[in-house]
1. Looking only at the range 120-140, filter to residues that are buried (at least 16 other Cβ atoms within 10 Å of the Cβ) and either more than 20 Å from residue 69 (Cα to Cα) or without any contact (Cβ under 8 Å) to a residue 60 or more places away in the chain (or both); which one of those is farthest from the chain's Cα centre (by Cα)?
2. Which members of the range 132-151 meet the condition of being at pLDDT below 95 and assigned to a strand (DSSP E or B)?
3. Which one is modelled with the lowest pLDDT, of the residues in the range 22-61 that are over 25 Å from residue 76 (Cα atoms) and touching a helix residue (DSSP H, G or I) at 6+ places or on another chain (Cβ under 6 Å)?
4. Which condition from (1) over 15 Å from residue 36 (Cα atoms); (2) surrounded by fewer than 21 Cβ atoms within 10 Å (Cβ to Cβ) is the one that residue 115 breaks?
5. Please determine whether any residue of the range 83-97 is surrounded by fewer than 19 Cβ atoms within 10 Å (Cβ to Cβ), over 19 Å from residue 123 (Cβ atoms) and modelled with pLDDT under 95.
């Protein structure tokens, strides 16, 4: 009876730990491009700032957010590699939810975070994005190229990409600390 309880407790503790361990544990460190490619099915490579131009002629591009599309951020002095994030839900014509990696915490995945179009013309050329350290929309506005639309619905279950990232083989409670 005690052994059964101990095994269940250890399993519950392990599962709880798996939801709180950062994605970079055991060498897994998600870059935004790797995550966006896997989550969206948009098969582009290289730094995020190059995706917009690479997509020309290969993927449809536009100013309208759609579920599964990749939002392409321009590079800036504060963000020299640019950024890419997948649209996981369209809330309104000026608000979406993004699923992306390496934004609020290095290497971590964030699901369904708020992004708001703050561009003067409502064309998604400038956004503010939820930032984990402030638990709200960040104070900075970021320039956006637009959206890259995948050819088809992503083949993988993007909502479970984070779970796959945290599937750490043979991890013990002691090794997680």
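1. Within the range 120-140, the match that is farthest from the chain's Cα centre (by Cα) is 126.
2. Once the filter is applied, which keeps residues that are at pLDDT below 95 and assigned to a strand (DSSP E or B), the range 132-151 yields 136, 137.
3. 23
4. Unmet for residue 115, out of (1) over 15 Å from residue 36 (Cα atoms); (2) surrounded by fewer than 21 Cβ atoms within 10 Å (Cβ to Cβ): (2).
5. Within the range 83-97, not a single residue is surrounded by fewer than 19 Cβ atoms within 10 Å (Cβ to Cβ), over 19 Å from residue 123 (Cβ atoms) and modelled with pLDDT under 95.
The values are calculated or read from the model by the stated rules, or taken from the named source; none is laboratory data. From a predicted model like this one, the values you see are computed outputs, not experimental measurements. In this analysis, Cβ positions are derived from the backbone assuming ideal geometry, glycine residues included, and neighbour counts consider all displayed protein chains.
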